[in-house]
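Below: the structure, in structure tokens.
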Amino acid sequence: MIEDLLTASVVASGIRIATPYLFASLGETFGQRSGVLNLGVDGVMLMGAFCSFWAVSEFTPQGSQTWDATALAMGVLVAILVGLLMGLATAFINVTLKAEQGISGIGIYLFGLGMSDLLFQKTFDQVAIINGFPKVGFPNFLTDLPVLGEVLFQHTLLVYMAFALVPVTWFVLNKTTLGLNIRAVGQNPEAADAMGISVTRVRYFTVTLGGVLAALAGATLSIAQHNVFQQNMTAGQGFIAVALVYFGAWRARGVLFGALLFSLVTALQLKAGTVGIDIPDEYLSMTPYVLTIIALVFASQRIDQPAALTKPFDRGE
């Protein structure tokens, strides 16, 4: 029984940890399938995390000791707006100005890192805690199920939204005209342009969508998981999200598998101390990242990235 409970706890933790990775990675999948690499995902996540945290703090009634639906909705809406603006800025830099995408991405990351910390210091005098998203209120006969209850029915709304986004992403990219246009632009933008597809419009859409989902990933951290904001709270998760797109071969199911693999290893690392595993914390902390690097090395041998990835498009060339 103890082993079953421990397994359920680890898997449930892994599912929660996977949520921000799924939001950010699926958003980045859209952008990369259209040919645009955004290394600034982590910066967008940080801005989404702070702004959603600020909104929930502002709209929660003073003295309230429980979560407020209006405040949480405003937090999500503000995160979406911030992601929209940063996504448009990213698209303008990479698509319109045709900047080198790796360098511009680092610039966006540093902007998000510095601006989120500055706004936090200017807005909050001390560490603040909010009432974040509660667990979805499933019936007791579901939440009390052995193992499955904890694994499947004791999560927040954002967790279910992130996992629902996986089949939606697959359907859009593979079964719709929009998805066909996105893949065509990422594979051969010249041919797509010749067929009447607006390369600029498609790339603006995908990069902006990626910004919105990255901001939601940040909001997940600050108003659904930790219920606090602190400097650099993403700790590089945006860069892992970009790596997961490569690991997943630019496919939704591959991204899902990679996110779950990384998050479950992270959950095992966090739980290791409670089961008496005598391994230094430093080595345990390295494990998820080392595994990701190894997985990427093997994945790179069997996949072909979109042919136009990181390549700017000049109409008429």
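The values are calculated or read from the model by the stated rules, or taken from the named source; none is laboratory data. The shown structure was predicted, so the numbers you read here are calculated from the model rather than taken from an experiment. Here Cβ is always computed from backbone atoms with ideal geometry, including for glycine, and neighbour counts include all displayed protein chains.
Would you tally the residues in region 55-76 being aromatic (Phe, Trp, Tyr) and either crowded, with 24+ Cβ neighbours inside 10 Å or not in a helix (DSSP H, G or I) (or both)?
1
One line per residue, one yes/no per condition, for (1) at pLDDT 95 or above; (2) in a helix (DSSP H, G or I):
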site	(1), (2)
Ala99	no, no
Gly102	no, yes
Ile108	yes, yes
Gly114	yes, yes
Gln121	no, yes
Gly132	no, no
Phe138	no, no
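Looking only at residues that are closer than 13 Å to Cys51 by Cα and among the small types (Gly, Ala, Ser) in region 77-94, which one is surrounded by the fewest Cβ atoms within 10 Å (Cβ to Cβ)?
Gly83
Filter region 173-228 for residues that are in a helix (DSSP H, G or I), among the hydroxyl-bearing types (Ser, Thr, Tyr) and more than 20 Å from Ile80 (Cβ to Cβ) and give the result.
Initially, region 173-228 is screened for residues in a helix (DSSP H, G or I), giving 173-175, 177-187, 189-194, 199-225.
Those left that are additionally among the hydroxyl-bearing types (Ser, Thr, Tyr): 177, 200, 204, 206, 208, 220, 222.
Answer for region 173-228, where residues must be in a helix (DSSP H, G or I), among the hydroxyl-bearing types (Ser, Thr, Tyr) and more than 20 Å from Ile80 (Cβ to Cβ): Thr177, Thr200.
Can you tell which of Gly63, Gly48, Gly40, Gly83 is more than 28 Å from Asn181 (Cα to Cα) and within 14 Å of the chain's Cα centre (by Cα)?
Gly48
Being basic (Lys, Arg) and more than 30 Å from Asn181 (Cβ to Cβ), is that true of even one residue in region 6-16?
Yes: one or more hits.
Suppose we filter region 202-233 for residues that are surrounded by fewer than 23 Cβ atoms within 10 Å (Cβ to Cβ) and under 21 Å from His155 (Cβ atoms); how many remain?
Total meeting the criteria: 5.
Quick check: is even one residue across region 247-266 touching a residue at least 12 places away in the same chain (Cβ under 8 Å), in contact with an Asp or Glu (Cβ under 6 Å, 6 or more places away or on another chain) and either on the phi < 0 side of the Ramachandran plot or among the polar types (S, T, N, Q) (or both)? I'd like the intermediate steps shown before the answer.
So the first thing to find is which residues in region 247-266 are touching a residue at least 12 places away in the same chain (Cβ under 8 Å), and the list is 247-253, 255-256, 258-266.
Pick out the ones that are also in contact with an Asp or Glu (Cβ under 6 Å, 6 or more places away or on another chain) and you get none.
No: zero hits.
Just to be sure, is Ala241 under 22 Å from Val11 (Cα atoms) and in contact with a strand residue (DSSP E or B) (Cβ under 8 Å, 6 or more places away or on another chain)?
Details: under 22 Å from Val11 (Cα atoms): yes; in contact with a strand residue (DSSP E or B) (Cβ under 8 Å, 6 or more places away or on another chain): no.
Here the answer is no, as Ala241 does not meet what is asked.
What's the total number of residues in region 140-157 that are under 22 Å from Ala69 (Cβ atoms), part of a helix (DSSP H, G or I) and in contact (Cβ under 8 Å) with a residue 24 or more places away in the chain?
The qualifying residues number 1.
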